[in-house]
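What follows is a set of notes on a single structure, which appears directly below.
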Amino acid sequence: MRAVVITDFDTEPVLTDLPVPEPGPGEVLVRLAAAGVNPFDWKVIGGAMRGAVDHAFPLVLGSDGAGTVERTGAGVAAFTFGDRVFGPFMDVEHGRGSYAEYAIAKASKLARLPDDLPFDLAAAMPTACAAAYTFVEGTGVGPGQTLLVNGASGGVGQAAVQLAAAQGVHVIATTDSGTAAYLRDLGAAETVDFTAAPTAEQVRDTHPDGVDAVVDLVSADDQIEAIALLLKPNGVIVSSNGSLGDELLAAHGLRGANLYANMTPATLAFLAEAVEAGQLRVRIDHRAPLEEAAAALERLKEGQARGKTVLEL
Ligand SMILES: NC(=O)c1ccc[n+]([C@@H]2O[C@H](COP(=O)([O-])OP(=O)(O)OC[C@H]3O[C@@H](n4cnc5c(N)ncnc54)[C@H](OP(=O)(O)O)[C@@H]3O)[C@@H](O)[C@H]2O)c1
């Protein structure tokens, strides 16, 4: 099968030919129709999980994918040949990922794909939409409260804006001027052009009493303090990038946490229903064939993501 692999950390992803893997007990072999590309994929190349978990090389890149069940391993009763499924496929310990014609997933991690939901949209969803869901829920923000989504113009941010706005939350979304109208259409009550002036200054000007919650998708460790200080007393901030330190939170008496996407099948099924019902829009802003995976990753890394990137198989 065709697959995109790295042969070591910090090497160029290359298209290669690998044997189709066999599903073990509790596993499902999926014939992928589309793979979603996430910033985490290029972070894995750079060794984001090095030291924390073993990596097997050649390592097939990619977490997210959608396709049809080809074969099931022993003990899998929930899925059968031809079922439409989507979910996370990354397993660096076994060198497995979704940038391939076939990929293995744990049956316990896969979600069923509704008939009307196309594979490309489904492949774009798992990490970004589940992260947005985890982060918005993690803030505990409710109707009438104010949430700043810092990094709203990207894949996670767009979903976070919609999920929060649907609950009656007043969403402030950071973006460049070109995507502001789209984010307001998704439900943002206000937009802040992060290219015009520092976001913290702009939000402080319009919300001198602060905001109730922040979902921060962009700030590094040395940038997040200015954003965190926008919180009202008892407000809460979550970071997608592990940027919140205990010292920072304690120094200012803030509540917050570094959170990670909780991609359960139940959450994925909920999100798929929302997409199918038109309540959650997933914008694919770049499509590429598998052989152009390296260029697609580079494009995402360089910025200008205004939605999701999908590899078509
Ligand atoms: N913890 C987890 O489980 C988890 C899950 C998913 C994602 N993440 C992380 O969360 C981050 C966002 O993911 P994503 O998939 O949404 O990425 P993405 O699609 O690349 O979107 C990031 C967006 O943020 C914008 N941005 C860059 N600098 C900004 C700034 N200073 N202020 C406001 N916006 C800015 C980018 O615009 P430009 O392109 O113009 O720079 C881009 O539109 C990534 O670092 C990702 O690795 C973590």
- Could you list, in sequence order, all residues of the stretch 230-240 that are within 16 Å of the ligand (Cβ to nearest atom) and without any contact (Cβ under 8 Å) to a residue 40 or more places away in the chain? Ser239
- Note on the structure: When Arg50 is run through (1) more than 25 Å from Tyr260 (Cα to Cα); (2) open to solvent by 50 Å² or more (accessible area, probe 1.4 Å); (3) in a loop (DSSP other than H, G, I, E, B), the failure sits at (1)
- Among the candidates Ala100, Ala33, single out the residue that is open to solvent by less than 10 Å² (accessible area, probe 1.4 Å) and at pLDDT 95 or above. Ala100
- Single condition Val238 does not satisfy, out of (1) assigned to a helix (DSSP H, G or I); (2) surrounded by 15 or more Cβ atoms within 10 Å (Cβ to Cβ); (3) assigned by TED's automatic domain parsing to the domain that holds Ser153: (1)
- Yes or no: Thr309 in a strand (DSSP E or B), modelled with pLDDT of 95 or more, open to solvent by less than 40 Å² (accessible area, probe 1.4 Å) and of a type in the set (Ser, Thr, Tyr)? yes
- Residues in the stretch 211-224: is at least one more than 15 Å from the ligand (Cβ to nearest atom) and either assigned to a loop (DSSP other than H, G, I, E, B) or within 26 Å of Asp64 (Cβ to Cβ) (or both)? no
- Note on the structure: Within the stretch 284-306, restricting to residues that are open to solvent by 70 Å² or more (accessible area, probe 1.4 Å) and either in the same structural domain as Thr195 (by TED's automatic domain parsing) or touching a strand residue (DSSP E or B) at 6+ places or on another chain (Cβ under 6 Å) (or both), the one that is farthest from Phe40 (Cα to Cα) is Glu291
- Selected residue (criterion: farthest from Ala152 (Cα to Cα)) from residues of the stretch 184-224 that are touching a helix residue (DSSP H, G or I) at 6+ places or on another chain (Cβ under 6 Å) and free of Cβ contacts under 8 Å to residues at least 60 places away in the same chain: Ala200
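The values are calculated or read from the model by the stated rules, or taken from the named source; none is laboratory data. All figures in this text were calculated on a predicted structure; none of them were measured in a lab. Virtual Cβ from ideal backbone geometry, glycine too; neighbours counted across all protein chains shown. The area values use the complete protein model at the heavy-atom level, side chains included, leaving out ligands, DNA and RNA. Shrake-Rupley method; radii C 1.70, N 1.55, O 1.52, S 1.80 Å.
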